[in-house]
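Presented below is the structure to which this report refers.
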Amino acid sequence: MVQLAAVSGGHSLNLYLIPRGQMQRGASKVTGFRVRRQRLYLHRQPVFTNTLREALVSFIAFLQMFEHPLVVGHNIRRFDCPVLARALEELDLRAEFEAAVSGYVDTLPLAREMLKERGLKSFRQENLVRELLGVNYKAHDALEDVRALQALYSVLQPTSELICRHLFTLDTMKDKPAAQSKEPKGQRPLRENFRQTVKIKGSKEDKATQENM
């Protein structure tokens, strides 16, 4: 992970980390990130970095500003959440993190279900933003990604029932999505938290070439 960004309304979080592994040349070319002598550069300019623990503790503090929000991201079930779960486990922060949120929603399958009649060829976030909002944005920058996702989510306006069908946790993210239309038993307050969402994006050093189709 090289960048962690989150946004909710007018609040935002944007942190940089020195990746543990060697950055792929293709990823560096697309994202503009490079590591030289243990310093991180973005488009040849040095940026301040945090340790993984510092970044996750800051992320938890950001989430705690809200009342158990939903964590929303595009294609996070396959990529971002597994990386996040491993990092939280490694640093013994998972319980504290999960106590701060209500659950997770992946906007990739959500958009596929909501827009299945539109005949879209691609459900990549950049394409959805262009098709629904009529704008292009600076993709592969995590902060710009979450800002664009927030605008996209506002346009999609999924119902509570639809959100429930796509709701998952770090424990269930590897399971096949359940076709349920009711709120999970014992989680009645979730409906109140659907209005509070935190959009996240973690830029992984080798993720720049992955397709969100």
Look at residue 14 and say whether it is within 17 Å of residue 200 (Cα to Cα) and out of contact with any Pro (no Cβ under 9 Å at 6 or more places or on another chain).
-> yes
Would you check if there is a residue in segment 104-125 being touching a strand residue (DSSP E or B) at 6+ places or on another chain (Cβ under 6 Å), of a type in the set (Phe, Trp, Tyr), over 19 Å from residue 171 (Cα atoms) and buried (at least 20 other Cβ atoms within 10 Å of the Cβ)?
-> no
For residue 118, state whether it is on the phi < 0 side of the Ramachandran plot and assigned to a helix (DSSP H, G or I).
-> no
What are the residues in segment 78-103 that are surrounded by fewer than 21 Cβ atoms within 10 Å (Cβ to Cβ), under 23 Å from residue 175 (Cβ atoms) and not hydrophobic (A, V, I, L, M, F, W, C), if any?
-> 78, 82, 86, 89, 90, 94, 98
Would you pick out the residues in segment 123-180 that are assigned to a helix (DSSP H, G or I), under 14 Å from the mean Cα position of the chain (by Cα) and among the β-branched types (Val, Ile, Thr)?
-> 146
Could you check how many residues of segment 88-110 are in contact with an Asp or Glu (Cβ under 9 Å, 6 or more places away or on another chain) and without any contact (Cβ under 8 Å) to a residue 24 or more places away in the chain?
-> 0
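Coordinate-derived values only; no laboratory data. Here the structure is a predicted model, which is why all the values come from computation and not from measurement. All Cβ positions, glycine included, derive from the backbone under ideal geometry; neighbour counts span all protein chains shown.
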